[in-house]
Amino acid sequence: MALVEREAALASLAEYAAQARGGDGRLVLVPGEAGIGKSALVEELATVVEARWAWGLCDGLSTPRPLGPLFDMGLSDFSEVSGRGDLFEALLRAVNGPSLDVLVIEDLHWADEATIDLVRFLARRLRNLAVLLIVTYRDDGLAPGHPLRVAVGELGTLRSTRRVGLSPLTPAAVRALAGDAAPDGLYELTGGNPFFVTEVLRAGLTGEVPATARDAVLARAAGLSAEARRALEAAALVAGRIDPRLLDAAVDEVVTAGLLVGDGPGLRFRHELTRLAVEQSIPAHRTGRLHAAILAGLRALAGDDDARMAYHAEGARDEPAVLHYAVRAARRAAELASHREAAAQYERALRFAAGLPPAERAELYDRLSDELSLVDRGDDSVRAAERARELWRSAGDRVREGDALRRRSAAMVSQCRGSEGMASAEEAVALLEPIGPTPELARAYAQLAGQRMLANRQADTARLAASAREVAAPLGLHEVVSDALNTEACVAAANGQPWQDGMRRALAVALDHRLAEQAARAYHNLYGSLSCERRYPEAEVVYRDGLTYCDEHDMPTYGTSMRGEHAVTLARTDRWDESAALAGRLLTRYDASPINRISPLLALATVRGRRGLVSSIDG
């Protein structure tokens, strides 16, 4: 069906493609409600813009595939590339040519953190590339703190970013689209949503119009044979790009009916609303069997998408399969710095872990606590660490029990529970010291040093940090060395002593060894210390670099904190409007832990206090 009332949007996209072809790359955000025509618009552009096109799709799995769209694009052989940074650079090299590349990522609202970070990564490097990056996403129903909402706000400030919004069709456009086939009240029923209009018309309905487009979709599906209906239901549970080999021969009937369309070597639903309508119509007693059949099919095809396998294993209630695939998916997500997805996969595994021995469950809780701490879910991280500690104790493993106490201490910091965090760190050291120099003891020393620093017990801090480095160095624990150097530099700064060389050394160690958490902490403390000394130009450079690093490596705990510090700096330098705006976003759009709410609240208080003072003086 022809596009209507989309001429201006199509012209804008064509203009941005021409700019990109000239070496001035563009990121184009295409937001809109479900069914508004985002995909159709981009598909129409592909018929008029000659370029190398690559498409990636974010699927609607409960826990998405890390970097799924990157692998869908097939622009390079990523099979030998494991690290997230290497994958990003490989994609950048693949599109760094003289001719125009158009990269399309659809349905970014379902993306994992690594995919959102990939968009950030590319957007910041488009300026001199012949690349048009088009991102479609649903902007209705996003929670205030949704990672995509936060990312879009940041991406909108970049020079290369453009936005093409789509509005519902007017009544006149709906009449023109429907022609003589329009039933009464079509515009009122559909609200001008092109997908709803199309589905109602394709159903061939006359007389009474169905209450929702869902009924229109199911009316079309009702004409399928029983075998084709089962294939359609299985396809709805697969989601994303569908391998036809997972469905039986009746899938041809589904394609003929227009419910599935070709997508390269695979198939996909013509629109996600179609898939959702079918999925929600499947009786609960059949869902498990369908998931089990899909899982068996993926195994037969030697599928290696652990996230997808874990999703279907959970749907089938296959406990061993969930534990196998969810843990593998979590580890892969963590490697790709997609920490929210890693945490979700560990949580999935733990829902099926009741029958595991205590030590194996404790290991899962350890990993979960680590991932939660990185995404600013400190309260959940505390609970996971406490559960791990209980299980390690029951398993009789004092070393791992001490390590769980160290995790609990670290998570307590984000909850502003300093005295409890100190007690846990002290208990960890007391438990581990008699055992001897282990990695766990080195980390416990470093954690207790950090707690002492926060409590202004600086002599103890220096001693413990030195002990941490002494144990860590021969064991090759670069993350502990970086952490201890960082803490020592913070103490030196507090005492008015030279500190910057030590902090930059901590940062260099972290960057050299690709230690994302320690690099984020070093950027954070370097920026904070420079700001405290009112060395604002230097601090601004560190802020930009550090925030980019935190965002691109899925480190919201530190990224949110840096933004809070920056809001305070803006208030102190009389940039009141900017400070209040940033602080307001942090308090309403970011799901921040208690400690990360302190700085934006301080910034707002500072701005309001100074404005009140100015008003009283003027009065």
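Based on Cβ point charges of +1 for Lys and Arg and -1 for Asp and Glu, what charge dipole magnitude is obtained for the chain about its Cα centre, in debye rounded to the nearest 20? Write down the numbers at each step before the final one.
Numbers: 73 positive and 86 negative charges, 214 e Å.
That gives a dipole near 1020 debye.
Mind pulling the angle between the C-alpha long axis of helix 38-48 and the longest principal axis of the chain? Nearest 10 degrees, somewhere in 0 to 90.
70
When the Karplus curve 6.51 cos²θ - 1.76 cosθ + 1.60 is applied with θ = phi - 60°, which whole-Hz ³J(HN,Hα) does each residue of the range 99-114 get, with x for Gly and Pro?
Listing the rounded values in order: 8, 6, 10, 10, 9, 10, 10, 9, 6, 5, 5, 9, 6, 6, 4, 5 Hz.
Would you work out which of Ala428, Ser338, Pro171 lies farthest towards the positive end of the dipole of the chain? Charges go on Cβ: Lys and Arg +1, Asp and Glu -1.
Of the candidates, Ala428 comes out farthest on the positive side.
Compute the angle between helix 319-335 and the longest alpha-carbon principal axis of the chain, please, reported from 0 to 90 degrees and rounded to the nearest 10.
Roughly 70 degrees between the two axes.
Could you give the angle, 0 to 90 degrees to the nearest 10, between helix 500-512's Cα long axis and the longest principal axis of the Cα atoms of the chain?
Around 40 degrees separate the two axes.
Bins of 20 Å, beginning at zero and ending with the bin holding the largest distance: percent of Cα pairs per bin for the chain, please.
17, 46, 30, 6, 0
Choose one of Leu3, Thr487, Leu273: the residue whose Cα lies farthest towards the positive end of the charge dipole of the chain (beta-carbon charges +1 Lys, Arg; -1 Asp, Glu; about the Cα centre).
Checking the options against the dipole of the chain, the answer is Thr487.
Highest first, please rank the peptides 51-57, 298-304, 192-198 by the mean number of other Cβ atoms sitting within 10 Å of their residues.
Values: 51-57: 19.6, 298-304: 12.6, 192-198: 23.0.
So the peptides 51-57, 298-304, 192-198, ranked by packing, come out 192-198, 51-57, 298-304.
Rounded to the nearest 0.05, what FRET efficiency do Asn96 and Leu602 have when you use their Cβ-Cβ distance and R0 = 41 Å?
On the way: r = 44 Å, r/R0 = 1.06.
Approximately 0.40, to the nearest 0.05.
Using 16 Å as the cut-off for backbone N distance, which residues of the range 530-558 belong to the label zone defined by a point 7 Å from the Cα of Leu511 along Cα→Cβ?
Correct set: 538-553.
Once Rh for the range 181-314 is found with the Kirkwood sum over Cα pairs, what is the Stokes-Einstein diffusion coefficient at 20 °C and 1.002 mPa s, in µm²/s?
Details: Rh = 15.7 Å.
My calculation gives 137 µm²/s for D.
Quick one: dipole size for the range 430-549, taken about the Cα centre, charges +1 on Lys/Arg Cβ and -1 on Asp/Glu Cβ, in debye to the nearest 20.
Numbers: 12 positive and 14 negative charges, 35 e Å.
Using only the charged Cβ atoms, the result is roughly 180 debye.
Tell me, what is the percent relative contact order of the chain, built from C-alpha pairs under 8 Å that lie six or more residues apart? Please list the in-between numbers first.
Numbers: 1021 pairs, mean separation 62.5, N = 619.
Relative contact order here is 10 percent.
Check which residues have an amide H placed less than 5 Å from Asp263's amide H, if you skip close sequence neighbours.
Arg268
Which whole-number percentage describes the relative contact order of the range 252-345, with Cα contacts under 8 Å and a sequence gap of 6 or more? Working shown, then result.
Values: 77 pairs, mean separation 15.5, N = 94.
Relative contact order for the range 252-345 comes out at 17 percent.
Read-outs: derived from the displayed coordinates by stated rules, not from any lab. Given the structure is predicted, the values throughout are model-derived calculations rather than measurements. Here the Cβ is made from the backbone with ideal geometry for all residues, glycine too, and neighbour counts use every protein chain on show.
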